[in-house]
2 protein chains.
Amino acid sequence: MTSTTLVPVFAALGDETRWSILVALGEGDASASALAGRLPVTRQAIAKHLAVLQDVGLVESVRVGRELRYRVLGAQLSETARRLDRIGAEWDRRLAAIKRIAEEL
Amino acid sequence: MTSTTLVPVFAALGDETRWSILVALGEGDASASALAGRLPVTRQAIAKHLAVLQDVGLVESVRVGRELRYRVLGAQLSETARRLDRIGAEWDRRLAAIKRIAEEL
DNA sequence: GATTAGTGCAACCACAGAGTTGCATTAATC
DNA sequence: GATTAATGCAACTCTGTGGTTGCACTAATC
């Protein structure tokens, strides 16, 4: 669990249309067709985006009758955020150390 | 400050080579030419990546004699992480609410 | 059983961008 | 001042992918 490498997650998050989809799903679960009604792109395009998002664990799908309903997974976002924060903190720590050493010269 | 829209930041972080550059810079500041010595890509390719990273505020550059030295900015990463975390938390909150309502039916 | 709303699959187009090579330019160094 | 090491700029290739259209399939609904 949460063993996803983070680069593909960022790649998935680096697209405006996918954010539109995520935001729309944030209002409540929906199918690709339903999303196509609200967004200015084709159902097929949305389906592809949903596949990408699902691959990196940002959404999950559930069959409801003849439709595939998608749900956004905030936990994956939080996990990614935590990892990012740790990296950023580490880099700032090193930067501070280097700066300190430089000033001592 | 920190008014960067986050989608381009994610797009910038969604590339393996750029992460290699960030990690290399994490070991200490360096110029595009210096990085080209350590990474399996051309100096020009690295220069382009550095431009992307600088555009979204992930690195900054300082002229040192005839070379342009780059430095990674962990603060921008932390800021991005904080925003991500807030979004994820919000979505999980809504999901929980929806689930609760569904169970009450 | 016919219709209809939803998904799945495949081919295709167009553009962005990751990477390259080549040359011009600038600033240290001898 | 000549040389050398760095950056800057431009053109080009090639792959990835966001988007489309078209059709086949499946499962509700009438």
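Readers should treat all values here as calculations from the given coordinates under stated rules, not as data from a laboratory. None of the values given here were measured: they were computed from a predicted structure. When we count neighbours, we look across all protein chains shown, and the Cβ atoms used for this are built from the backbone with ideal geometry, even at glycine.
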### Kirkwood Rh, angstrom, the protein assembly as shown [1 / mean 1/r, Cα pairs]
18.9 Å
### Query
Could you work out the helix-only [θ] at 222 nm for chain A, with each DSSP H run of four or more residues adding -39,500 (n - 2.57) and the total divided by the number of residues, to the nearest 500 deg cm²/dmol?
-21500 deg cm²/dmol
### Task
Please get the size of the charge dipole for chain B, origin at its Cα centre, with Cβ charges of +1 on Lys and Arg and -1 on Asp and Glu, quoted in debye to the nearest 20.
240 debye
### Query
Can you list, shortest first and in nm, the gaps between the label point of A:Gln44 and those of its counterparts in the other copies, using a point 7 Å from Cα in the C-beta direction?
3.7
### Task
Note the angle between two axes, namely the Cα long axis of helix A:43-55 and the longest principal axis of the Cα atoms of chain A, as a number of degrees from 0 to 90, rounded to the nearest 10.
40 degrees
### Task
Quick one: angle between helix A:74-104 and the longest Cα principal axis of chain A, in degrees between 0 and 90, rounded to 10, please.
20 degrees
#### Entry: Proximal charge balance of A:Pro8 [Cβ under 10 Å; K/R count +1, D/E count -1]
-2
## Note on the structure
Output ordering of A:30-42, B:14-26, A:92-104, B:68-80 (per-residue mean of other Cβ within 10 Å, highest first) is B:68-80, B:14-26, A:30-42, A:92-104
### Query
What translational diffusion coefficient, in µm²/s and rounded to a whole number, does the Stokes-Einstein relation yield for the stretch B:6-104 at 20 °C and a viscosity of 1.002 mPa s, taking the hydrodynamic radius as the Kirkwood radius over Cα pairs?
140 µm²/s
### Charge-dipole axis of chain B as Lys and Arg at +1 and Asp and Glu at -1 on Cβ define it, positive-most pick from B:Ile98, B:Ala32, B:Ala75
B:Ala32
